[in-house]
Amino acid sequence: MELATVLKRKKVRMAITFFLALITTIALLFSSDFRQNIRVLRTAGIVMLIALWLFYNHIFMRIKPAGCRTILAASILLALLQVIGLIERYSGTIGFIGESSHKMVYSFILFIGYAVLIYSAFQAFITWVIHHRAQLKLKETQFTAWFRNKTLLKSIIFILICWLPIIIIYYPGVSTFDGMRQINQVFDPSQLNNHHPILTTFIMGGLAKAGRLLAGNNFGLFSAALYQILLVSFCFSYSISYLNRFKCSIYLQLGLLFFYACMPLWSIVTMMVMKDVSYFAIFLLYTIKLIDFHLKKEHRKRDYLLLWLLALLVCFIRKDGLYVVFVSLLTLGFSYRHWTRRRLLGALAIIVIFITVINGVLLPKIGIPNGYGNSDTREMLSIPFQATARYVKYAEDDVTPAEKKAINAVLDYRSIGARYTETISDRVKETYRISATKQDLLAYFKTWITMSVKHPVVYLDAIVAQTSGYYTLTDGLRTDVAGNVRQFDPRTKNWADNQLKFSFSDSMQKERELANASREIYRNIPLIGDWEGGALYFWLIVLSFLLLTVTGQKRKTVYLSTVATHMLIALLSPVSGSLRYLLPIIATLPFVFILCLISISQEESVNNASLNDSD
């Protein structure tokens, strides 16, 4: 007898859904901070159990076979990642699962609870979208007519007004270590290098230098910040105005507008002078143009040219942008046949060659090195280095003399164990030996593999600790923007080496403290604060993929190529849940998700307007 037939029997369905609701309630409560307070635990548990029971009973009564297997597979994957991330966070090792039978049962309950919840939530949302697709279409009113006229300009003005208080109290801007290093290179050309892309160095440093000549140090930093504010507000507003051509619900556009204008993250991030701000803005524009190209039936020369230029900018502003461009253009190219595919793949080949020649040949030729020693090599090896350091810290007795020698040729064996930090690899990477050859690296990786066989749990612990900030939903793994602001307050650090001497206004100190405290409160609000964390966006990428595949629009998964690739880059990054690596995804994915909803609600009719003709 089929499951759907069994679930139609009311008593059976009520019993099954109650049991599943009970398991999910236990999973949610025992993976949260509620468990520290018995009274709160009891109250929250009863409310949660009733709500989940009603929800599951509603969903399972309307369960449909279409797409179930795909949704189930995605739910199992997310539940598995969620559980191993939580276990790693609370117990320190995924070996916790096998320590005893009751811990194994506990872990299994967590897994089943999350899998059922995720499956039910995804099934409910996708079903709602399909059944209510008409509500996602435009309904003409006087307000929609007003908003859709010059949307770009109106959105820019609204965003800037919302950001203005933060701009004033954080004048002249918030510095970062990497940003100040780049600015210093322009003031002292002898320090010039391409560790941080030279284009952003010249833009930020050039603006800072020009601003200082005009009105002093503070205005110098603010000039660089102002460039970021205007660039980001334009790109955000363009994404909102781009939606005009789809005749979608005004609520989708307004939702995106309020996300950009009112979410506390954006107003302070645009004041943080660093290359990542320019990158996420151009990343968003590139994604829009990629989707725009995919939607058009015919392509003009300017379509190819604009896509190519934006792809180049993505590569020049951030080095790992090349991987984003490579995967996205490859995906776009193979979605076409014949000449369009050849042209796109040809453009991709030209970009790869051009970037390689510029960074690897031309810049070193004119005296601008690629970085600090072999820094590019060590940046790509965070996860293997972390696994080695954790192994040395917790299982050093099992390291053979030959393994020590192979490790020591690449890393400082004596210090990596003490330097190991679970969620950031910088302290381990700092021991990387510039003198390491390709043969040394090859010997190291052979040793890495043999050591992984001896203690696989140690390696898995290192990988989960390093990556879980990007896929595990939990309060402790949200990005701490307020902490970043406090960290880079010029009065809390020694900025003696900086060429640009700037300072905050003392008269705004209380306002800055209030803004930091407010962001801290916002960051810790359940569900709301998760919009500043990586895990929610990982799950949203999966949900977007399911929306397109379950509704038979697999070809449009090219929409997700840029954000999915960058999420993979983030997973391989040196820091777990790093804001810098999340910014392009946080800025772009809400727009892409709305397009996925629109593609279900209507057949897109996209004209041949260029990127400059959105309004």
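The residues in region 524-550 that are in contact with a Ser or Thr (Cβ under 8 Å, 6 or more places away or on another chain), more than 14 Å from Ala570 (Cβ to Cβ) and either open to solvent by 40 Å² or more (accessible area, probe 1.4 Å) or not acidic (Asp, Glu) (or both) can be counted, and the count is 5.
When the residues of region 429-451 are filtered to those that are among the small types (Gly, Ala, Ser) and farther than 16 Å from Ser382 by Cβ, the one that is surrounded by the fewest Cβ atoms within 10 Å (Cβ to Cβ) is Ser435. When Leu285, Leu310, Leu230 are checked against the criterion of being open to solvent by 30 Å² or more (accessible area, probe 1.4 Å) and within 27 Å of Asp178 (Cβ to Cβ), Leu230 stands alone in meeting it.
Scanning region 227-244 for residues that are among the hydrophobic types (A, V, I, L, M, F, W, C) and modelled with pLDDT of 95 or more, we see that the one that is farthest from Leu152 (Cα to Cα) is Ile229. Restricting Ile166, Ile118, Ile157 to residues that are at pLDDT 90 or above and either in contact with a Lys or Arg (Cβ under 9 Å, 6 or more places away or on another chain) or open to solvent by 60 Å² or more (accessible area, probe 1.4 Å) (or both) narrows the list to Ile157. Restricting Ile109, Ile130, Ile126 to residues that are part of a helix (DSSP H, G or I) and touching a Leu at 6+ places or on another chain (Cβ under 7 Å) narrows the list to Ile126. Scanning region 137-151 turns up no residue that is within 25 Å of the chain's Cα centre (by Cα), closer than 28 Å to Leu254 by Cα and open to solvent by 40 Å² or more (accessible area, probe 1.4 Å). Of all the criteria given as (1) open to solvent by 10 Å² or more (accessible area, probe 1.4 Å); (2) part of a helix (DSSP H, G or I); (3) not small (Gly, Ala, Ser), the one not satisfied by Tyr171 is (2).
Looking at region 325-424, the helices (runs of 4 or more DSSP H) lying wholly inside it that each contain 1 or more residues that are open to solvent by 50 Å² or more (accessible area, probe 1.4 Å) and at pLDDT 90 or above sit at 338-357, 382-394, 401-408, 413-419. As for region 353-361, it holds at least one residue that is of a type outside the set (Gly, Ala, Ser) and in contact (Cβ under 8 Å) with a residue 60 or more places away in the chain.
Of all residues in region 216-232, one or more are within 30 Å of Ser601 (Cα to Cα) and touching a residue at least 12 places away in the same chain (Cβ under 8 Å).
The values are calculated or read from the model by the stated rules, or taken from the named source; none is laboratory data. Since the model is a prediction, treat every value here as computed from it, not as a measurement. Positions of Cβ are backbone-derived with ideal geometry, glycine not excepted, and every protein chain shown enters the neighbour counts. Side chains included, ligands, DNA and RNA excluded: accessible areas come from the protein's heavy atoms. Shrake-Rupley method; radii C 1.70, N 1.55, O 1.52, S 1.80 Å.
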